[in-house]
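Take a look at the structure set out below.
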Amino acid sequence: MAKVIIFSGAGISAESGISTFRDTGGLWEEYDIKDVCTAGCLETNRDMTIEFYNKGRVALKDKQPNKTHYEIKKLQDKYPNDIKIITQNVDDLFEKAGCQKVLHLHGFITEINCEQCGYIQDIGYKPIQSHTICPNCKNFLRPNIVFFGEPVPKYRELFKEIDDCEIFVIIGSSGNVINTDFLLSVSDVKYSILNNLEYSNAINDKLYTKVIYRKATEAIDEIVADIIKYLQNVQ
Ligand code: APR
């Protein structure tokens, strides 16, 4: 297991031009969660749901990683066994930056999947039809995204990783969906960094060793320097 977890949310991709969910102007002001991202919406509102993810997938084609993604990639190259990247984001900006083995907790927008047989297809940045058929079992395929109210199988892996980590870094998450205070409380983390643009009501920032309320691209050099200092001292 890795010593360092870099845990990110929508804020890390904001500077690449991908909207966050809950900030002013965020996606959940434009769309209602219950219409496009809640268990059952593929049955009750299939066309709009498919269209919502089609738009996001097509728009992702031209989005590029920013300095934060690239600095994390450099850090992972330097300490391949010690850095685990875990994200709530469904975009592929870490992968575009060259990062390895990223754990996407809430799915991956460039994939579609079959709930019945487990088939997964990489479709890149292409839109799909509402009723795309699974080549194996003829069920309908769907965006490989976890909707609210659906089980999140990857959380098991998240908890395994958290169990052993020593440094926990949060970049760009409001803590509304995954409670980072809780993750901290069930771990033996020795050093934690919280980097958001501003205070979130869902996070008790007093629990974190260091708090940086600044754009991630402005904070990342300090974050990387802290991680390297810690890793050099323990090795
Ligand atoms: N640099 C650092 N932090 C930023 C930046 C930036 N440039 N821009 C915004 N932020 C911070 C905000 O301060 C906020 O705390 O990113 C956070 C974004 O919060 P949310 O929009 O709630 O996103 P996130 O926490 O990732 O949402 C979690 O909710 O809707 C679901 O499934 C969706 O995975 C997503 C989950």
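Before moving on, here are some points about what is shown:
- A 1.4 Å probe run over the protein chains yields, for the chain, 49 Å² of accessible area per residue, whole-number rounding.
- Each Lys and Arg Cβ is given +1 and each Asp and Glu Cβ -1; about its Cα centre, the stretch 6-122 then shows a dipole of about 500 debye.
- Proximal aspartates and glutamates relative to K61, as straight alpha-carbon distance under 13 Å, when same-chain residues fewer than 8 apart are discounted: D91, D92, E95
- Spatial extent of the stretch 132-235: Rg and Dmax, with the Cα atoms as the point set, Å: 17.6, 55
- Filtered GluC sites (Glu not before Pro), the stretch 127-235: DSSP coil and at most 13 other beta carbons within 10 Å: E198
- Every Cα-Cα pair of the chain was included, and the share exceeding 21 Å stands at 57 percent.
- Here the Kirkwood formula puts the hydrodynamic radius of the stretch 173-225 at 11.6 Å, using every distinct Cα pair.
- 21 Å Cα-Cα reach of K34 towards lysines, excluding residues that sit fewer than 8 places from it in its own chain: K55
- The convex hull drawn around the Cα atoms of the stretch 116-163, when projected onto a plane and averaged over every direction, covers 4.8 nm².
- Taken along its three principal axes, the alpha carbon spread of the stretch 83-203 comes to 49, 28, 26 Å, from the longest extent down to the shortest.
- Filtered chymotrypsin sites (Phe, Trp or Tyr not before Pro), the stretch 191-235: DSSP coil and at most 15 other beta carbons within 10 Å: Y199
- Taking the three principal axes of the alpha carbon atoms in the stretch 39-102, the coordinate ranges are 47, 25, 13 Å, sorted in descending order.
- For a modelled paramagnetic label at K61, 7 Å from Cα along Cα-to-Cβ, the residues of the stretch 125-145 in reach, with backbone nitrogen under 13 Å, are 125-128.
- When only alpha carbons are used to place a centre, the stretch 1-69 and the stretch 126-189 end up 13 Å from one another.
- Globularity ratio of the stretch 1-91, using Cα Rg and 2.2 N^0.38 Å: 1.30
- Within the same chain, aspartates and glutamates fewer than 8 places from K215 are excluded, and of the rest, those with a Cα less than 16 Å from its Cα are E15, D23, E71, E198.
- Dividing the summed -39500 (n - 2.57) terms of all DSSP H runs of n ≥ 4 by the residue count of the chain sets its mean residue ellipticity at 222 nm at -10000 deg cm²/dmol.
- Net charge, S200 excluded, C-beta distance under 11 Å - Lys, Arg +1, Asp, Glu -1: -3
- Charge dipole of the stretch 41-120 about the Cα centre (unit charges at C-beta), most positive-ward option of G107, N45, A97: A97
- Total formal charge among the other residues, if their Cβ is under 15 angstrom from that of G175, Lys/Arg +1 and Asp/Glu -1: -2
- Straightening the chain between K160 and N201 buys 12.1 nm, computed as 0.36 nm per residue apart minus the Cα-Cα spacing.
- Test item: Cα-centred dipole of the chain, Lys/Arg +1 and Asp/Glu -1 on Cβ, debye: 420 debye
- DSSP beta bridges in the stretch 1-137 [antiparallel fraction, %, rounded to 5]: 30 percent
- Share of carbon and sulfur in the accessible heavy-atom surface of the chain [1.4 Å probe, %]: 49 percent
- Among beta bridges identified by DSSP and lying wholly in the chain, the antiparallel ones come to about 25 percent.
- Net charge of neighbours whose Cβ lies under 10 Å from the Cβ of T110, counting Lys and Arg as +1 and Asp and Glu as -1: -2
- The trypsin sites (Lys or Arg not before Pro) of the stretch 150-235 that DSSP puts in a loop, and whose beta carbon has at most 16 other beta carbons within 10 Å, are K154, K190, R214.
The values are calculated or read from the model by the stated rules, or taken from the named source; none is laboratory data. Quick caveat: nothing in here was measured; it's all calculated off a predicted structure. As a convention, Cβ positions derive from the backbone with ideal geometry for all residues, glycine included, and neighbour counts pool all protein chains shown. With ligands, DNA and RNA removed, areas are computed over all heavy atoms of the protein, side chains included. Shrake-Rupley method; radii C 1.70, N 1.55, O 1.52, S 1.80 Å.
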